[in-house]
Amino acid sequence: MSSQIDHLLDEDRRFAPDPAFAANAVAKPELYERAKADREGFWAEQSRELLDWSTPFTQVLDWSNPPFAKWFADGALNVAYNCLDRHVEAGHGDRVALYFEGEPGDSRAVTYAELTDEVKRLANVLTEMGVGEGDRVALYLPMIPEAVASMLAVARIGAVHSVVFGGFSADSLRSRIDDAGAKLVITADGGWRKGKVSPLKPAVDQALEDRGGLGPQATVEKVLVVRRGDNEVDWIEGRDVWYHDVVPQASAEHEAQAFPAESPLFILYTSGTTGKPKGILHTSGGYLTQAAFTHRNVFDLHPENDVYWCTADIGWITGHSYVVYGPLANGATQVLYEGTPEFPEPGRWWDVIEKYKVTIFYTAPTAIRGFMKQGRQIPQARDLSSLRLLGSVGEPINPEAWMWYREVIGAGKTPVVDTWWQTETGAIMVSALPGITETKPGSAQVPLPGIAVDVVDEKGEPVGQGGGGLLVITEPWPSMLRGIWGDPDRFVETYWKMFQDKGYYFAGDGARLDEDGDIWLLGRVDDVMNVSGHRLSTAEIESALVAHDATAEAAVVGASDETTGQAVVAFVILKESFLREHSAEGLANDLRAWVGAQIGPIARPRDVYIVGELPKTRSGKIMRRLLRDVAEGREVGDTTTLADTAVMSVISAQVR
Ligand code: PRX
C-alpha cells in the first residue's frame, strides 16, 4: 500500500455557517477547546451530562491492555432506561418517539410512554422465555416499531442483540445465528417492500432447519414472530410464538436493572476482506455516550422542536446508532419508514418529509445520486421547507451530489454534514459541526471534539497538509469496537497490526488532507488503483465522471494492464435525456476526454462502458470486485450479496 494518493481535483466552493443558525446551534466552539485540553475529562463530562448512570463511574479510560479498551468501567447503567423511562419520568411521556410510516400508507405515532410500556412488556416476555444477561438474541425484522422495541427490550435485560438485515439470505442468517450462538430469534411474517410483502419467517425456518444436531438447533430455543404482512407462515409448535399473543398480555411492570458499562450491548456483522463476516462487538456506556453526543451535536438536535429522519435500516450500524440509540437517548422525535424510496412512486421520501415536517434528514450518497438521476422536478413538487439540516453517510459524497443535496433538497441554505465513520467506530468520528464549521462540498472535514485521527504513510508518519495516505485513529474513543466476537486475534490483526508500534487503529480508508488540514475521504484503500506508478482513487475518478452533465452514476475499478500496471475502467449510467440525443460510443469518448481534462491524462479511463445498472449490495454499496472481474475478462465471482443478482449478467452482456 502506498502512502501517495495523487489527488488532483480542485474544489474551492465554501459555505460559511449562517449566523442565525450558529446563534441557536447546540454545538459551541468551546467543545473543541475543552476536548483538546483534557480528552478523557471531556468524554467523562459528556457522559455525565448526556446519560443517567445508576452507579456513577470514577474511572474513564482503561487502556492498560491495548487494543482492548474499557471506558467508564466501574460505572453501571441501563441502556434502555436511558432511551425510554427517564424521558417519561422527566415529563416527556407524551412526546412522539416514532412516527411510523408503513409502505402501504398505514401510519402510527408511538409516544415515549407507549414505547416504554411496550419494551417493559417485551422484557418480561423475554425473561420468561429464558433469555438472561449476556445471552444473544438474533433479530430479523422489517423497519417497524416492534424492531426498535425488540432491540431495547434485549438491551434492557442485559442480553446482546445481533440484528441481521432483512435483505440477507437464510444462509447468511444461519451463519450469523451460529457464530453468535443465539438463543432466541425475533422475526416477522414479512415486511412491505415495493408494494409486496417480502417474507422473513421462511428464511428463519430455513436457517434453523435441523442439520444433524449441529448448529443453531442446539442454541435457538424460541422464535418470536411479529405479524406485519398477514401472510401464511409455517408454524413449529413449541418453538414459534406470536408476538401479539404474549406481549400485550405481559405485565407492564418492569424495573430496569443496571449493568456494568462494559456489558456487551450488541454484535453487528460486517464484511471484511475475507469471506467470513466479522461480528463487531459494542458495549454499553461508552457506545451510548458517543452515540448520544454525536447525534446531539452533529445533527444540532433540539428535541422539543425537531423531527428527525435517518433513512438507514436497523440492520446496519447507522440504524443502530442513529435510529435507535442516539436519537432515543436524546429524547428525539423521529420518522421510521418501512419501505423503499420508489413506492408507490419516486417521490415517496419527499412525501414523508412533507407529511411529518421533517427538520433533520440523514441519508446516503447513493440515494442522493439516484434522486439526481430521476430529476429535481420530483422533490421540487413537494414542500420541503421544514428541512434545516442534511446529513450524508456511507461513502464519499462527490461534490456534485453534495451541491445538489444542498440546493435541491436543502433550498440552497441548509448545512450539509458529511459524516465519516464505520461499523467498527460505532459513532461518527469525522464531520463538520453545523453552526461552527465552514463546509466544503465533498469533504468530511474535521475530527469531532474528543476524537484524534491522522493521515499517515505506510510507516505511520503523518503526510501533513496537502498530502494523501491512510486514515488512522490515533487515540481510543468511547464507542470503539471492543473486539470481533469470538476472534480476538482477527481483531488485532485486522485493525491494529499495521501500525502496531504506534498503537494506531487502521481504518482501511485512503484520505487526503487539504491545505487547511481538512479530511477528504478517497474510498477504501482496496479501491485505490496504481496506474503507471501513480496512486489514483476510484472515488476521485467517479466524482469527475459524475460531474459531467451526461452522467447519472459511475463506478470505477483498476483492471490489470500490461503496460501501466493497472488501468482505469469506468462503468457509467447515462441520463436518459442524453442517450436519446447522442450515441453511447460518442459519449464514452467524451467522458474519457472529460476525466483527462478534469484530473489529468493519467486518470483518463482506458475503457468507459455504458451500462444500465451497477451491481450494488442491499445497503447500496457498489461491488467493485465484480466489475473488476468483467473489466479483466474473467468469469464473474460470487454475486449472492447483490440486491439484484441478475444485474451482472446484464452488465457482462452490455460490455461484450
Ligand atoms: O469506506 C468508508 C465508508 O464506509 C466504510 C464503513 O462502512 P460501514 O461499516 O458499512 O459503515 C457505514 C456507515 C457508517 C468506511 O470505512 N464511509 C462511511 N462514511 C463515509 C465513508 N466514506 C467516505 N465518506 C463518508 N462520510
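Values in this text are rule-based calculations from the coordinates and carry no lab data. Bear in mind the structure is a predicted one, so any value in this text is a computation, not a measurement. Heads up, the Cβs are rebuilt from the backbone with ideal geometry, glycines too, and the neighbour counts pull from every protein chain shown.
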Checklist entry - What ranking do HIS254, HIS302 get, fewest neighbouring Cβ atoms within 10 angstrom at the top? => result HIS302, HIS254
Checklist outcome for this item: Whole-Hz Karplus couplings 3J(HN,Hα) for the stretch 328-345, θ = phi - 60° and coefficients 6.51, -1.76, 1.60, Gly and Pro as x, run 6, 4, 8, x, 7, 9, 9, 8, 10, 10, 7, x, 9, x, 9, 10, x, 8
Item to check | Cα-based reach from LYS70 at 25 Å (exclusive), listing lysines while leaving out same-chain residues under 8 positions away | outcome: LYS36, LYS278, LYS497, LYS502
Checklist outcome for this item: Among GLN566, ILE602, GLY586, the residue whose Cα sits farthest towards the positive end of the charge dipole of the stretch 562-626 (+1 at Cβ of Lys and Arg, -1 at Cβ of Asp and Glu, taken about the Cα centre) is GLN566
Next on the checklist: Report, to one decimal in Å, the Kirkwood hydrodynamic radius for the stretch 224-353 based on all distinct Cα pairs.
Outcome noted: 18.1 Å
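With only Lys, Arg, Asp and Glu charged, each at its Cβ (+1 for the first two, -1 for the last two), find how big the charge dipole of the stretch 519-638 is about the Cα centre; round to the nearest 20 debye.
On the way: 14 positive and 18 negative charges, 63 e Å.
The calculated dipole for the stretch 519-638 is roughly 300 debye.
Sequence gap at least 6, Cα distance under 8 Å: using those rules, report the relative contact order of the chain to the nearest whole percent.
Working: 1439 pairs, mean separation 89.4, N = 656.
Relative contact order, the chain: 14 percent.
Only counting other Cβ atoms within 10 Å, I'd like PHE361, PHE72, PHE42, PHE21 sorted with the fewest neighbours first.
Values: PHE361 27, PHE72 31, PHE42 20, PHE21 16.
Listing PHE361, PHE72, PHE42, PHE21 from fewest to most nearby Cβ atoms yields PHE21, PHE42, PHE361, PHE72.
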Checklist entry - Which value at 222 nm does the chain reach when only helices count, each DSSP H run of 4 or more adding -39,500 (n - 2.57), with the total divided by all residues and rounded to the nearest 500 deg cm²/dmol? => result -8000 deg cm²/dmol
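Can you compute the equivalent ellipsoid semi-axes for the stretch 1-135, i.e. the square root of 5 times each eigenvalue of the Cα gyration tensor, sorted largest first and rounded to whole Å?
Working: eigenvalues 253, 149, 84 Å².
The equivalent ellipsoid of the stretch 1-135 has semi-axes of 36, 27, 21 Å.
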Checklist entry - Where Lys and Arg each count +1 and Asp and Glu each count -1, what net charge lies around ASP518 among other residues with Cβ under 10 Å from its Cβ? => result -2
Next on the checklist: Can you find, among ALA90, PRO142, GLY132, the residue sitting farthest towards the positive end of the charge dipole of the stretch 70-164, where Lys and Arg contribute +1 and Asp and Glu -1 at Cβ?
Outcome noted: GLY132
Checklist outcome for this item: For the stretch 271-370, the dipole about the Cα centre with charges only on Cβ (Lys and Arg +1, Asp and Glu -1), to the nearest 20 debye, works out at 420 debye
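Kindly state, as a whole number, the per residue volume in cubic angstrom of the convex hull around the alpha carbon atoms of the chain. Let's see the in-between values first.
On the way: hull volume 100.2 nm³, N = 656.
Expressed per residue, the convex hull around the Cα atoms of the chain is 153 Å³.
Give me GLU114, GLU89 ranked fewest to most by other Cβ atoms within 10 Å of their Cβ, as a rough exposure proxy.
Going from least to most buried by this count: GLU89, GLU114.
Kyte-Doolittle mean at least -0.5 and Cα extent at least 18 Å along the axis: which DSSP H helices of the chain qualify? Walk me through the numbers before you get to the answer.
On the way: long enough: 112-128 (24 Å, -0.31); 285-298 (19 Å, -0.27); 584-599 (22 Å, 0.21).
Span-like helices in the chain: 112-128, 285-298, 584-599.
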Item to check | Distance between the stretch 110-156 and the stretch 336-359 - C-alpha centres, whole angstrom | outcome: 26 Å
Next on the checklist: Relative contact order of the stretch 418-513, please, whole-number percent, based on alpha carbon pairs below 8 angstrom and at least 6 residues apart.
Outcome noted: 25 percent
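Compute the signed sum of charges (Lys and Arg +1, Asp and Glu -1) over the other residues within less than 13 Å, Cβ to Cβ, of ASP12. Can you show the working numbers first?
Values: positive: ARG13, ARG14, LYS440; negative: ASP10, GLU11, GLU438, ASP514, GLU515, ASP516, ASP518.
Here the charged neighbours net out to -4.
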